[in-house]
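Below is one structure, written out as structure tokens, with a few remarks after it.
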Amino acid sequence: PIQAIIAAASAGFIYPVAMWLYYYVMEREEVSRFVPILSMEPLLIALVAFAFLGERVELINYIGIASVIIGAVFISLKKYDGKVKSNHLFAIAFAALVIFSLRSLLFKYATEQAPFWSTVFWFGAGGLIVPIVMFAIHHPRIRAKGKAGLKQSVFNALLSGLALIFFIKAISLGPVTLVAGFVATKPVVVLIAATLLSYFHPKIIREKHSPAVLAA
């Protein structure tokens, strides 16, 4: 159906826009400043899904989502003496949050109207538009610096693409509220992986975690 194509392609189009906003903020300010904003995605999705998609889950699930958000905020908290470089970064971070949430809701709508692989295809088609435009505008600059970190970028893109396929599949099978809440536990996985790497392979990554962070 045309409405499913539009929804899937729109999700693909806005996803790189959200990523651009996300990296724009991360480049200019410490990530811990904006994790509390970005971790609100499951809450926003739950509210919209409840109001417009008629999606209902058990109370214990909403409590679990709230605990995940609180945990993500606590993990990001630390002493920071500096000031935010510009207040407009908060607005940009919030815009990224809204777009990420809208992407997930569009996935849910599209998978209810069309087969799974059709949704994935049109998502990919829509997602090509922004990179092509960016490459056309910034071609000399991208070409000059394109070799730096190329292998890592390609590997990261493959992992992200695979993760998105599983993400869309999960949304097609169950409530988007629960899927978003489960994915929000990603900081816990990152925390465990970073802690293990810091302990066993400190040359790769070395991070110190306070007891408060580990408890959170």
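The values are calculated or read from the model by the stated rules, or taken from the named source; none is laboratory data. Note that the structure is a prediction, hence the values are computed from the model and not measured. Glycine also receives a Cβ, built like all others from the backbone with ideal geometry; neighbour counts cover every protein chain displayed. Quick note on the areas: whole protein, heavy atoms, side chains included, nothing else; ligands and nucleic acids left out. Shrake-Rupley method; radii C 1.70, N 1.55, O 1.52, S 1.80 Å.
Here are the numbers for this structure:
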{"quantity": "When residues of the stretch 158-199 are limited to those that are hydroxyl-bearing (Ser, Thr, Tyr) and free of Cβ contacts under 8 Å to residues at least 40 places away in the same chain, the one farthest from Phe100 (Cα to Cα)", "calculated": "Tyr199"}
{"quantity": "Subset tally (residues that are in a helix (DSSP H, G or I) and open to solvent by 20 Å² or more (accessible area, probe 1.4 Å)) for the stretch 2-44", "calculated": "30"}
{"quantity": "Residue tally, condition surrounded by 11 or more Cβ atoms within 10 Å (Cβ to Cβ), at pLDDT 85 or above and part of a loop (DSSP other than H, G, I, E, B), over the stretch 57-85", "calculated": "1"}
{"quantity": "Cβ-Cβ under 8 Å pairs, at least 6 apart or on other chains, the stretch 20-44 side among the basic types (Lys, Arg), far side at pLDDT below 70 and open to solvent by 50 Å² or more (accessible area, probe 1.4 Å)", "calculated": "Arg28/Lys85; Arg33/Tyr80"}
{"quantity": "Condition broken by Pro175, with the remaining ones in (1) open to solvent by 40 Å² or more (accessible area, probe 1.4 Å); (2) over 16 Å from the mean Cα position of the chain (by Cα); (3) under 18 Å from Leu38 (Cα atoms) satisfied", "calculated": "(3)"}
{"quantity": "Qualifying residue in the stretch 86-101 (condition: out of contact with any helix residue (DSSP H, G or I) (no Cβ under 8 Å at 6 or more places or on another chain) and modelled with pLDDT of 85 or more)", "calculated": "yes"}
{"quantity": "Odd one out for Leu47, checked against (1) farther than 21 Å from Val73 by Cβ; (2) part of a helix (DSSP H, G or I); (3) open to solvent by 50 Å² or more (accessible area, probe 1.4 Å)", "calculated": "(1)"}
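Table: residues versus (1) at pLDDT below 85; (2) open to solvent by 80 Å² or more (accessible area, probe 1.4 Å); (3) closer than 21 Å to Ala18 by Cα.
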| residue | (1), (2), (3) |
| --- | --- |
| Thr119 | no, no, yes |
| Trp122 | no, yes, yes |
| Gly126 | no, no, yes |
| Val130 | no, no, yes |
| Ile137 | yes, yes, yes |
| Pro140 | yes, yes, no |
| Gly146 | yes, no, no |
| Leu150 | yes, yes, no |
| Val154 | yes, no, yes |
